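Structure record follows, encoded as structure tokens.
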Amino acid sequence: MRIPSAGVSTLSVFYGIVIKMFFDDHDPPHLHVEYAGQEAKVGLAGGELMRGVIPPRALRLVREWIILHRDELEENWRLAKAMQPVRRVEPLP
């Protein structure tokens, strides 16, 4: 994973999963996920694992969360690309 030069924002934390978005990051829209010392990049469009590794159960939870919050996440992607503050997103219950 890269070290962000322009900053990073934590969007949500649930079940030990930390979801982050880098400011001014490259397309396609995606999230950076940390869990149990592992890191992965997960696409917003279909929840696809783009890079890295996290346990299957954690990936399923992230995918469920993306489905529930897709509109908010897409808006946050637009904000982050424009170097604007992003909004926190509710965790899974």
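The values are calculated or read from the model by the stated rules, or taken from the named source; none is laboratory data. Source: prediction; values computed, not measured. No Cβ is skipped: glycine too gets one built from the backbone with ideal geometry, and neighbour counts run over all protein chains shown.
Quick one: is residue 79 surrounded by 15 or more Cβ atoms within 10 Å (Cβ to Cβ), in a helix (DSSP H, G or I), out of contact with any strand residue (DSSP E or B) (no Cβ under 7 Å at 6 or more places or on another chain) and hydrophobic (A, V, I, L, M, F, W, C)? So residue 79 fits the description; yes.
Residue 93 meets each of the listed conditions (1) at pLDDT 95 or above; (2) on the phi < 0 side of the Ramachandran plot; (3) not aromatic (Phe, Trp, Tyr) apart from (1).
Say we look at the range 8-49 and pick out the residues that are of a type in the set (A, V, I, L, M, F, W, C) and outside any strand (DSSP E or B); which of these is nearest to the chain's Cα centre (by Cα)?
Step by step, filter the range 8-49, then rank; the result is 44.
Determine, yes or no, whether residue 52 is out of contact with any His (no Cβ under 9 Å at 6 or more places or on another chain) and of a type in the set (Gly, Ala, Ser). Here the answer is no, as residue 52 does not meet what is asked. Within the range 80-90, if we keep just the residues that are aliphatic (A, V, I, L, M) and within 14 Å of the chain's Cα centre (by Cα), the residue that is nearest to residue 63 (Cα to Cα) turns out to be 89.
Here 49, 68 are screened, and the one residue that is of a type outside the set (Val, Ile, Thr) and in contact with a strand residue (DSSP E or B) (Cβ under 7 Å, 6 or more places away or on another chain) is 49. Residues that are in contact (Cβ under 8 Å) with a residue 60 or more places away in the chain and of a type in the set (Ser, Thr, Tyr) within the range 11-56 comprise 12, 15, listed in sequence order. Residues of the range 57-76 that are in contact (Cβ under 8 Å) with a residue 12 or more places away in the chain and either surrounded by fewer than 12 Cβ atoms within 10 Å (Cβ to Cβ) or touching a helix residue (DSSP H, G or I) at 6+ places or on another chain (Cβ under 7 Å) (or both): 66, 67, 73.
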